[in-house]
Amino acid sequence: MKNIKYLAIISLFGFLGVSCSLEEKSYTEIDMDEYMNNASEANTVLTGIYADLCEEGMYRYNLSCLLQMPTDMEKCEGSTTDNYRIVPANAYTSVQSDIEITWEDINKAIYDANSFIRQLSLNVENFDEDDKPLATVYMGEARALRALYYFELVRWFGNVTLNTDPMYAYKTPLTEMEQDDPVEVYEQIEKDLLYAVDVLPYATDDNLRASNDYRFSKGAALGLLTKVYATWAGYPLYDESKWELAAETAKTLIESGKHGLLTEGIDGDSGYEQLWWNTCNGVWDPTESLIEISFYSPTSTATGARLGRIGKWNGVTASNIRGVRNAGNIKAIAPFVQDWKDRAQDLRVKLSVADYKYLDQTKTKYDLNANTDPNTPARYYKPYDQSLMEQVFADESNSMRTQYSRNLTPAKWDTEKYVKDANYLVDQNLSNVNWYVLRYADVMLLYAEALNEINQGPNATAYEMVNMVRRRGFGLSLHQTGKADLASGMGYEEFKQAIRDERGYELAFEGHRRQDLIRWGIYYETVMQTAQEMENFVDGGSSVYIASRYTQKGKHELLPIPQREMQLMPKYKQNPGW
């Protein structure tokens, strides 16, 4: 009972810029009474709690790719529910293995965090005085991680058990386990994050940890707490008093001046594009990256390594590129791209949506003018040409639209454009590309949203938050007023829609849209509307957006509690519709 699993230090460790091979003995059982006697040992165990972020049911696959569909901007390839497609189609049941894995991985992560928090609390008084400040920081990290894990659990599964004691499962028979009010879960998340905000340093002020790469900081805790409050204020709890707290928390982060938008990239690229250079090559930059999962490991090429699927599932389709392929299973919704306001001036379109693929040794667009020159280098990247996109949107016949609408993919994790040769593409399923859980731009938009809700209309600060994000997206300086700015004089409803659009443009395919639509209370309606827009775009377009056949209002806002858990815990009540 007193054991905690932690990843053994091998040569390199996955989350902290290193990797852990499953072919080695990667988990070790440690008697907690004989371990965590100093800050170094505590840090070793803490790295294992971070490693939980990299599990299949977490951000390696399910929370980054599989469960994020369908929305109004993304769907899975294909028109059936075969194989993995059953999940993005919302056609699964409570016995779906992917749902079970996500439930299991999140709950395991909570258990690991609880065990660490408990044992550090028991042992810290015996630490040397020089170690105690580090122990306080580690406690803040562990509580922030527990908050993140519970946030994912409650917003995906809704009715769960709140447990902050690792001994709870042993003291309470499964037959007696009950669900807690989601409000109590959110209150615990709030407590943990407020504690983390209080004890953690900003990333740029950290003089305690030897390295804070990909570790929680005060800024990360503030940003996550802002997102928690915004979610709490929406469906299903609708506690609108949390908008005030969301605004106050975001304001604290923004006025700290410790984080900001990336505004300049290497070699003249925009700051927005630099985000994708960084995440594809393991470059940690806490300016805008608040919470980022690192799968980067340039020396790890073994299939069993702790790696992710980023750029494989949600990247640009490629075949026979450096000996592997990218499936590109996530497809962009053509009407979403067509409806992108200011498409001609917004540089984020070309950086977010790919209407090309890598075919053998060349990249070709989806028209018939494929570049098949055998002398073209495998890494050849032709500058973006918007003419094809505009030509397709202008042609109302099916001749160009059918194939186009079925093959658009996210472009942010374009492995052939961004991944340097040193960062191996491991195999057909795995990569070393990192994943952003939370960016500073997300918090800016949440701040604007909160201000609009509080005041029932936008004020100058709300406008400035959105306009700064847009200016960066248009390739302008953050304070360059003009063509990127929203129209002045908007009312509450108009600005609310502008925020919803802007979150789509800025954060496209980054794993936020489904939960945004759910907290706005419009998930079902959006799925149905998207199916109709697909049909309007091209005859038969709705046939490849199969989620409209299965999605039900009041059901698919939550995942089902896995059936095996329902059988083990008879006092549990299944989520509505399941």
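The values are calculated or read from the model by the stated rules, or taken from the named source; none is laboratory data. Only a predicted model underlies this, so the values are computations on that prediction, with no experimental measurement involved. Note that we place each Cβ from the backbone using ideal geometry, even for glycine, and neighbour counts take in every protein chain shown. Each accessible area value is taken on the protein alone, full model and side chains, heavy atoms only, with ligands, DNA and RNA left out. Shrake-Rupley method; radii C 1.70, N 1.55, O 1.52, S 1.80 Å.
If a residue has to be open to solvent by 40 Å² or more (accessible area, probe 1.4 Å) and either at pLDDT below 95 or of a type in the set (Val, Ile, Thr) (or both) to count, how many in region 554-563 make the cut? Residues in region 554-563 being open to solvent by 40 Å² or more (accessible area, probe 1.4 Å) and either at pLDDT below 95 or of a type in the set (Val, Ile, Thr) (or both): 0 in total.
Residue-wise test of (1) of a type in the set (A, V, I, L, M, F, W, C); (2) in contact with a strand residue (DSSP E or B) (Cβ under 9 Å, 6 or more places away or on another chain); (3) at pLDDT 95 or above.
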residue	(1), (2), (3)
ASP206	no, no, yes
PHE216	yes, yes, yes
LEU222	yes, yes, yes
LEU225	yes, no, yes
LEU237	yes, no, yes
SER241	no, no, yes
ALA247	yes, no, yes
LEU262	yes, yes, yes
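Matching residues to (1) modelled with pLDDT of 95 or more; (2) surrounded by 24 or more Cβ atoms within 10 Å (Cβ to Cβ); (3) farther than 12 Å from ILE499 by Cα:
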site: ASP427; (1), (2), (3): no, no, yes
site: LEU430; (1), (2), (3): no, yes, yes
site: ALA448; (1), (2), (3): yes, yes, no
site: ASN452; (1), (2), (3): yes, yes, no
site: VAL466; (1), (2), (3): yes, yes, no
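In the set (1) open to solvent by less than 40 Å² (accessible area, probe 1.4 Å); (2) over 24 Å from GLY315 (Cα atoms), GLU510 fails one condition alone, (2).
Tell me the residue from ARG406, ARG439 that is open to solvent by 10 Å² or more (accessible area, probe 1.4 Å) and either more than 18 Å from CYS65 (Cβ to Cβ) or touching a residue at least 60 places away in the same chain (Cβ under 8 Å) (or both), please. Result: ARG406 is the single residue among ARG406, ARG439 that is open to solvent by 10 Å² or more (accessible area, probe 1.4 Å) and either more than 18 Å from CYS65 (Cβ to Cβ) or touching a residue at least 60 places away in the same chain (Cβ under 8 Å) (or both).
Look at (1) part of a helix (DSSP H, G or I); (2) open to solvent by less than 20 Å² (accessible area, probe 1.4 Å); (3) touching a residue at least 60 places away in the same chain (Cβ under 8 Å); (4) closer than 20 Å to PRO166 by Cα and you find that TYR59 fails only one, number (4). Screening SER387 on (1) among the small types (Gly, Ala, Ser); (2) open to solvent by less than 10 Å² (accessible area, probe 1.4 Å); (3) modelled with pLDDT under 85 shows it passes everything except condition (2). For LYS108, the conditions (1) surrounded by fewer than 17 Cβ atoms within 10 Å (Cβ to Cβ); (2) touching a residue at least 40 places away in the same chain (Cβ under 8 Å); (3) not in a helix (DSSP H, G or I) all hold with the exception of (3). Does LYS218 meet the test of being among the basic types (Lys, Arg), open to solvent by 30 Å² or more (accessible area, probe 1.4 Å) and over 22 Å from the mean Cα position of the chain (by Cα)? No; evaluated as a whole, the condition is false for this residue. Which residue pairs have Cβ atoms under 6 Å apart, sit 6 or more places apart or on different chains, and have a first residue in region 488-499 that is within 13 Å of VAL466 (Cα to Cα) and buried (at least 17 other Cβ atoms within 10 Å of the Cβ) and a second that is at pLDDT 95 or above and among the charged types (D, E, K, R)? Close Cβ pairs satisfying both conditions: ILE499/GLU449. Screening GLU525 against (1) within 30 Å of ASP485 (Cα to Cα); (2) open to solvent by less than 10 Å² (accessible area, probe 1.4 Å); (3) under 24 Å from the mean Cα position of the chain (by Cα) leaves a single unmet condition, (2). Residues that are at pLDDT below 95, open to solvent by less than 20 Å² (accessible area, probe 1.4 Å) and part of a loop (DSSP other than H, G, I, E, B) within region 315-339 comprise GLY315, VAL316, GLY328, ASN329, listed in sequence order. For ALA113, the conditions (1) touching a Lys or Arg at 6+ places or on another chain (Cβ under 7 Å); (2) open to solvent by less than 10 Å² (accessible area, probe 1.4 Å); (3) among the small types (Gly, Ala, Ser); (4) not in a helix (DSSP H, G or I) are fulfilled apart from (4). If we scan region 228-248, do we find a residue that is in contact with a Phe, Trp or Tyr (Cβ under 9 Å, 6 or more places away or on another chain), buried (at least 19 other Cβ atoms within 10 Å of the Cβ) and assigned to a loop (DSSP other than H, G, I, E, B)? Checked region 228-248: at least one residue is in contact with a Phe, Trp or Tyr (Cβ under 9 Å, 6 or more places away or on another chain), buried (at least 19 other Cβ atoms within 10 Å of the Cβ) and assigned to a loop (DSSP other than H, G, I, E, B).
Residues of region 460-496 that are assigned to a helix (DSSP H, G or I) and in contact with a Pro (Cβ under 7 Å, 6 or more places away or on another chain): PHE495 alone. Across region 267-287, the qualifying residues are those that are touching a Leu at 6+ places or on another chain (Cβ under 8 Å) and in a loop (DSSP other than H, G, I, E, B), and the one among them that is surrounded by the most Cβ atoms within 10 Å (Cβ to Cβ) is THR287.
Go through region 68-84 and give me each residue that's surrounded by fewer than 20 Cβ atoms within 10 Å (Cβ to Cβ) and either touching a residue at least 60 places away in the same chain (Cβ under 8 Å) or at negative phi (or both). Across region 68-84, the qualifying residues are GLU77, GLY78, SER79, THR80, THR81, ASP82, TYR84.
Determine whether ASP180 is among the acidic types (Asp, Glu), open to solvent by 20 Å² or more (accessible area, probe 1.4 Å) and not in a helix (DSSP H, G or I). It is true that ASP180 is among the acidic types (Asp, Glu), open to solvent by 20 Å² or more (accessible area, probe 1.4 Å) and not in a helix (DSSP H, G or I). Residues in region 249-266 that are open to solvent by 50 Å² or more (accessible area, probe 1.4 Å) and not β-branched (Val, Ile, Thr) were compared, and the one that is farthest from TYR150 (Cα to Cα) is GLU264. For the criterion of being hydroxyl-bearing (Ser, Thr, Tyr) and closer than 20 Å to TYR186 by Cα, THR136 fails. Just one of the listed residues (ALA142, ALA91) is assigned to a helix (DSSP H, G or I) and either touching a residue at least 12 places away in the same chain (Cβ under 8 Å) or surrounded by fewer than 21 Cβ atoms within 10 Å (Cβ to Cβ) (or both), and it is ALA142.
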